[in-house]
C-alpha cells in the first residue's frame, strides 16, 4: 500500500503546485511539492463506479487522473492509453486482477457431438454448464447415452476442473437449454424431449417434442422430472425460479387443445407460457400469439410479481399481438401480471428481420433486450446496418417504451445470443460473428468464413467499450455468458472439431465432432494466461 500511495503522490505532482505544501506537518520535505504526514488518517481519492468514471469530461481523461473504482474495489489511474488498476498490490491494465482468476480455456466432450447452451456461476464459486451430447462413455462424458441425444450437465470447480457430470435422457432426443441454481442449492434445468417413459424420462410423451423440466439436487441427482406438451411440437427456451418457489417456463408450440395445451393456437406457432409450483405441478398455462409465428425466447420475473418476456413475432395486429409489424419479423415484448395475463405487449423492429434472444431487468427499473436485426435505419432501428445481420440492443423503460437502440456488427453476419447487465451498470453480450476486421469487429476472424465467439462490452448508454473475437479455424458460437465474482466473465458455447489446436484453441484437443468450449475472461475480455 505504501508503494501505491507513493505513486499517487507522484501523480499529484502533475497538478503543477507552485510551492511546497505540507499537510499534517509544518516542515514539508524539501524534495517534495506535497508532503502528507499522518498516523491517524489516510489519503482518500474520489470514489466512483466505472460508469461514473467513464462520464468524467465526456470520457476525455487527462494523463495521471486517479480514482477509486467501487465496482472492482481498486485504485485506478489513467496512463494516457488505458486505466491501470492497483488491486491488492498488483497492477493490471484496465481493471481486473488476473491473479484472481485461474486460466480456463477448455474443450469438453466425448467422441461424438456435444454442444453447451447455458452456464452459471454457482454459490461455491464454481460453474455448472448444460447442453446436449451424442457421446457415450468417452472423453469427458462418463455416462452411457440412452438414446440419440441426451442432456449433458457438467459441474466444474472454480479452477474449471470437472467435479461431476451427468448424462440424462430417454430413448429419443433430449437437450438442456437453460439452468438456474435454486434456493435449496440444487438446480432447475429446462429443455426438450422426444422420449416417452424411458431412461430418465419418467412421463409419457405428449407429441413430437415436449418441454422437459428436471429438478436436481446439489450433487446433480434427479429429484423429479416432468414432461409438458400437446399433440404437436413444443420448443422450450427458458426457465426461471419464481419468488413463490415455483418456476416460469417459456417457449413455443404448434399444438392446439391437446395434452397440457388447453387453448386454441392462433396461428402457425404460438408462445406457450407455463407456471409451475415448487414440485413441478402446473399452476397455469397461457397460449399467446397472432395469425403468424410467435415464440418467447427469454423471461424474467419483475418486482411486481409479474413477468417480462421477449421473443419474436411474424404477426401484425391480430390475436394477442396488438401492434402493426414493421417487417418480416419483429421483437415481441410482453409484460404479464402474476397470473399470466397480458398487461401490455410491444412490437419493435425495422423493415427486415429482428429476433429477440434475451431480456434482462435493469437497475433503473427498465429492461434491456438483445438479439439480431437485418434492418437499417427503418422503423425502430435507428442505426445503419453493417452487413447481413447485426447485434441489435434495445433499451426500454418500465412501460416498454424505447429509450435507445444500437446496432453492432461487421460486414458479415452477427448473432447476439445472451446478454447480462454488469456490476458497473453496463452490459455484456455473447454471440457469434462471421465478420473480420470490419465495422465494429476489430479482430481478425479465425475461421475464414466460419463463426467466432464475439464478446461485446457496452456502457450503461449502449456505447461500445470493447469487443473481442475468439475462435479456431471452424465454427464457434458463444451461447451463454455471466459476470463472475471479481468482475470477469465465464463464457460457454460449442466449437467444431477442426477449430481445436488453432487460433485461440492452440494446444486444445478435440474430443469429437463438436465440443463444449469454456472460456474465462478478465474484466476487459482478455483470456487469462497460464
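Nothing in this text is a laboratory measurement; each read-out follows from the coordinates by a stated rule. Remember, predicted model here, so these are calculated numbers, not experimental data. FYI the Cβ positions are ideal-geometry reconstructions off the backbone, even for glycines, and counts take in every protein chain you see.
Things to note:
- When the helices of the chain are scored as -39500 (n - 2.57) per DSSP H run of n ≥ 4 and the total is divided over every residue, the value at 222 nm lands at -1000 deg cm²/dmol.
- Taking the number of Cβ atoms within 10 Å of each Cβ as an exposure proxy, the fewest-first ranking of 47, 134, 240 is 47, 240, 134.
- Relative contact order (%) - segment 336-399, alpha-carbon pairs under 8 angstrom, separation at least six: 30
- Between the Cα long axis of helix 2-12 and the first principal axis of the chain there is an angle of about 70°, rounded to the nearest 10.
- Residues 196, 279, 415 arranged by fewest to most Cβ contacts within 10 Å: 279, 196, 415
- Placing dummy labels 7 Å off each Cα toward the beta-carbon, the span from residue 164 to residue 111 is 2.6 nm.
- For segment 191-326, projected area of the alpha-carbon convex hull averaged over all directions, nm²: 8.4
- Simple spin-label estimate for residue 198 and residue 218 gives 3.6 nm between the two label positions (7 Å along the Cα-to-Cβ direction from each Cα).
- Each residue in 50, 182, 506 was given a count of other beta-carbon atoms within 10 angstrom of its own, and listing them fewest first yields 506, 182, 50.
- Using the Cβ-Cβ distance between residue 56 and residue 157 with R0 = 35 Å, the FRET efficiency computed as 1/(1 + (r/R0)^6) comes to roughly 0.35.
- Extension reserve of the residue 466-residue 258 stretch, reckoned as 0.36 nm per residue once the Cα distance is removed: 70.0 nm
- Relative contact order (percent, whole number), segment 105-521, Cα cutoff 8 Å, 6+ residue spacing: 11
- Normalised contact order of segment 386-500, rounded percent, pairs of Cα under 8 Å and 6 or more residues apart: 20
- Where Rh is the Kirkwood radius over Cα pairs, Rg/Rh for the chain: 1.02
- Stretching residue 351 away from residue 183 to a fully extended chain increases their span by 56.1 nm, per 0.36 nm per residue minus the current alpha-carbon distance.
- Cβ-derived FRET efficiency at R0 25 Å, residue 444 paired with residue 63, nearest 0.05: 0.25
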